[in-house]
Number of protein chains: 2
Amino acid sequence: MTTIGLLHPGEMGSMVGAAVRSGGSRVLWAGEGRSAATRKRATDAGLEDAGSLAALVRASEVIVAVCPPAAAAELAEQVSKLRFAGTYVDGNAVSPATAREIGGIVEKGGAMFVDGGIIGPPPVKPGTTRLYLSGKSAERMAALLTAGPLAAIVVPGGPGAASTVKMAYASWTKGSAALLLASCALAAAEGVEESLVREWKISQPELSARAESAAKGNSRKAWRFIGEMEEIAATFAAAGLPDDFHKGAAEIYQRMAIYKEGPAPSFADVLRALAPRRPA
Amino acid sequence: MTTIGLLHPGEMGSMVGAAVRSGGSRVLWAGEGRSAATRKRATDAGLEDAGSLAALVRASEVIVAVCPPAAAAELAEQVSKLRFAGTYVDGNAVSPATAREIGGIVEKGGAMFVDGGIIGPPPVKPGTTRLYLSGKSAERMAALLTAGPLAAIVVPGGPGAASTVKMAYASWTKGSAALLLASCALAAAEGVEESLVREWKISQPELSARAESAAKGNSRKAWRFIGEMEEIAATFAAAGLPDDFHKGAAEIYQRMAIYKEGPAPSFADVLRALAPRRPA
């Protein structure tokens, strides 16, 4: 039985932990200093509280990191300082350059690095969620982490390749959702929403529903997407592609970040938040 | 019978002219100084050559302008200087601010201004193409220009409203096509295209075909889209929305502008043109 440390049990991380646990591994988390909501998610997922990060690092053969992109390098630093010498799987939505930086950090501490990227919702139902992995130990980690509803898939090309798959994938899904909301916000702000929606009914019959579901599905999570859009922009720039699309998308999700908590906004609320009418 | 001047019979303009002619109007064009290709299109569409622009202006009660967005204001200036005193319909893909500027130009010369925006391909088959119109004489122009396969639709809100419908519509169609091609170009440039395409097969089964059709459908026309993306970016900025998406899209179409003439490129060619591998 392999002991895996899961950092940290957020919405995605807790379900990844539960999936991996269902495959027969022991899964630890580090409860020290975490919120009551995180504790509840970890407990519901059947994860075992190791207490401190240091205790988790000592007890784990593998660490799987799942956290917001902006926190990924800092988390790797903390683990590296504790001289973690197992295999560190970074599953975060970061650019390949950030992934390789994280690899350097954990290797300095003595660990082996595997780059990862998760595509799909938190794995609850089979077939929805894939963990892409690249780097030297990717095959071994794929065998270990393919468990329950989670499928792990190896990407050739070394550290950074798995993150690139994630960046390219999300560049469309989250980038196009932001663009579509911006298009609607323009029409609403300029008073031509009805004409646009009528035209869509004729020539783009799926777009109105898609826009409303982009608002509904992303308003609570938008705050988390800002950092991811910045990582995607950096990925595009490093490949010689324009980084503007995802700078725009980051700005859209920034304006939606007000919906992190509180009641779900209406579609019209979201459009107004995106293009607030300034006093004439 | 109303005499309508059509400036100029490009791919879109010639078919708009033919549609309007099929409704019983006499449609003129100004052949002086135009290319053989334009003359062939105009002749095939059954348009009547008035000779010079001045002759067209003298003979026309209505002028319909259909040209690349960057040429729209200059064309209005030329018509205005010739003291055109009929109704000037600007059907170009310009921002509402540019449309109102064009309105001011032609009104100074004595004309009435109607703002317009065309959505759909050149009108050949019924039901594909709509000419949105706004401004004081929009109703009258809609009755005149709804003809054959072309449907004209009034947008409430005065000059600029019809252009805004066009901008909001194209912000998604052409903006998302550029974004999708950029996502593919990233995956190709970084060597993970196969993994991305496999993931798409599972979770976004329509995207590969959509990307290939975006490359195929837009490579010859990309040069024309650059100015339109710039007009959309300006429209977003004026509404307080991020203009980055369409600055990025303009850059993508700029890189595809090399395909204006010559043989149609392969999908792989287009992706390479978007993210050229630099020497290591």
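Throughout, read-outs are computed from the coordinates displayed, never taken from laboratory work. From a predicted model like this one, the values you see are computed outputs, not experimental measurements. Ideal geometry is used to build each Cβ from the backbone, glycine not excepted, and the neighbour counts take in all protein chains shown.
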Open item on the list: Below 8 Å between Cα atoms, with a sequence gap of 6+, how large is the relative contact order for the stretch B:3-158 in percent?
Closed with: 21 percent
- [ ] Could you tell me what % of all Cα pairs in the stretch A:137-280 have separations over 25 Å?
- [x] 42 percent
TODO: Identify, among A:Ser213, A:Tyr253, A:Ala99, the residue whose Cα sits farthest towards the positive end of the charge dipole of chain A, taking +1 on the Cβ of Lys and Arg and -1 on the Cβ of Asp and Glu, with the dipole about the Cα centre.
DONE: A:Ser213
- [ ] Mind jotting down the distance between the C-alpha centroids of the stretch A:61-101 and the stretch A:117-184, whole Å?
- [x] 16 Å
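Listing A:His8, B:His246 from the residue with the fewest other Cβ atoms within 10 Å to the one with the most, what is the order?
Values: A:His8 24, B:His246 32.
Lowest count first: A:His8, B:His246.
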Open item on the list: Please compute, for peptide A:166-178, the average count of beta-carbon atoms on other protein chains lying within 10 Å of each residue's beta-carbon.
Closed with: 6
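Going through the stretch B:116-188, which trypsin sites (Lys or Arg not before Pro) have at most 13 other Cβ atoms within 10 Å and a DSSP loop state?
On the way: sites: B:Arg130, B:Lys136, B:Arg140, B:Lys166, B:Lys174; in loops: B:Lys136.
Sparse-neighbourhood loop trypsin sites (Lys or Arg not before Pro): B:Lys136.
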Task: Net charge, A:Pro265 excluded, C-beta distance under 15 Å - Lys, Arg +1, Asp, Glu -1 - done: +3
Task: Cα gyration tensor, the stretch B:15-98 - rounded (a/c under 1.5), prolate or oblate - done: rounded
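Dipole of chain B, Cα-centred, from +1 at each Lys and Arg C-beta and -1 at each Asp and Glu C-beta, to the nearest 20 debye? List each step's numbers first, then the result.
On the way: 30 positive and 27 negative charges, 99 e Å.
Approximately 480 debye in magnitude.
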Task: Label point 7 Å beyond Cα along the C-beta direction, distances from B:Ala59 to other copies (nm, shortest first) - done: 9.0
Task: Quarter of Cα convex hull surface for the stretch A:127-215, i.e. mean projection, nm² - done: 7.7 nm²
Open item on the list: Can you pull out the GluC sites (Glu not before Pro) in the stretch B:169-218 whose DSSP state is coil and whose Cβ has at most 12 other Cβ atoms within 10 Å?
Closed with: B:Glu206
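Which net charge results for the neighbourhood of A:Leu207, defined as the other residues with beta-carbon distances under 15 angstrom from its beta-carbon, given Lys and Arg at +1 and Asp and Glu at -1? Can you show the working numbers first?
Numbers: positive: A:Arg198, A:Lys201, A:Arg210, A:Lys216, B:Lys174, B:Arg210; negative: A:Glu193, A:Glu194, A:Glu199, A:Glu206, A:Glu212, B:Glu206.
Result for the local shell: 0.
Rounded to the nearest 20 Debye, what is the dipole magnitude of the protein assembly as shown about its Cα centre when Lys and Arg each give +1 and Asp and Glu each give -1 at the C-beta?
Values: 60 positive and 54 negative charges, 103 e Å.
Computed about the Cα centre, the dipole is about 500 debye.
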TODO: With viscosity set to 0.692 mPa s and temperature to 37 °C, compute the Stokes-Einstein D of the protein assembly as shown, Rh being the Kirkwood radius across alpha carbon pairs; µm²/s, no decimals.
DONE: 128 µm²/s
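Ranked by Cβ crowding within 10 angstrom, fewest neighbours first, how are B:Leu144, A:Leu6 ordered?
Numbers: B:Leu144 21, A:Leu6 31.
Least crowded to most crowded, the residues run B:Leu144, A:Leu6.
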TODO: Could you please rank B:Ile63, A:Ile118, placing first whichever residue has the fewest other Cβ atoms within 10 Å of its Cβ?
DONE: A:Ile118, B:Ile63
TODO: Report the net charge of residues surrounding B:Ser176, where surrounding means a beta-carbon distance below 12 angstrom and charges are Lys +1, Arg +1, Asp -1, Glu -1.
DONE: +3
Task: For B:Gly23, label point 7 Å along C-beta direction: distances to other copies, nm - done: 6.4
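Compute the Cα gyration tensor for the stretch A:13-61, then decide on rounded, prolate or oblate, letting a ≥ b ≥ c be the square roots of its eigenvalues: rounded whenever a/c is under 1.5, prolate when a/b is larger than b/c in the other cases, and oblate in all that remain. Before the final figure, lay out each step's value.
Working: a/c = 2.58, a/b = 1.09, b/c = 2.36.
Oblate is the answer for the stretch A:13-61, as a/c is 1.5 or above yet b/c matches or exceeds a/b.
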TODO: Please name which of B:Ile226, B:Ala76, B:Leu180 has its Cα lying farthest along the dipole of the protein assembly as shown towards the positive end, using unit charges on Cβ (Lys, Arg +1; Asp, Glu -1) and the Cα centre as origin.
DONE: B:Leu180
Task: Closest approach to the B/A rotation axis among chain B Cβ atoms, residue and whole-Å value - done: B:Asp244, 2
TODO: Would you compute, for the Cα atoms of the stretch B:136-176, the largest minus smallest coordinate along each principal axis and list the three values in descending order, in whole Å?
DONE: 34, 25, 9
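Answer rounded, prolate or oblate for chain A, using the Cα gyration tensor with square roots of eigenvalues a ≥ b ≥ c: rounded when a/c is under 1.5, else prolate when a/b is larger than b/c, else oblate. Working shown, then result.
On the way: a/c = 2.13, a/b = 1.85, b/c = 1.15.
Taking the square roots of the gyration eigenvalues as a ≥ b ≥ c, chain A is prolate.
In percent, what relative contact order does the stretch A:178-280 have, based on Cα pairs under 8 Å that are 6 or more apart in sequence?
That works out to 37 percent.
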Task: Inter-copy label distances at A:Gly217 (7 Å, Cα→Cβ; nm, one decimal) - done: 2.1
- [ ] Would you mind giving the mean number of other chain beta-carbons within 10 Å of the Cβ of each residue in A:128-141, as a whole number?
- [x] 1
Open item on the list: If the only charges are +1 at each Lys and Arg Cβ and -1 at each Asp and Glu Cβ, what is the size of the charge dipole of the stretch B:3-158 around the Cα centre, to the nearest 20 debye?
Closed with: 200 debye
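Using only alpha carbon pairs under 8 Å that are at least six residues apart, calculate the relative contact order of chain A and give it in whole percent. Intermediate results must be reported in sequence, preceding the final value.
Numbers: 546 pairs, mean separation 40.4, N = 280.
Contact order relative to length: 14 percent.
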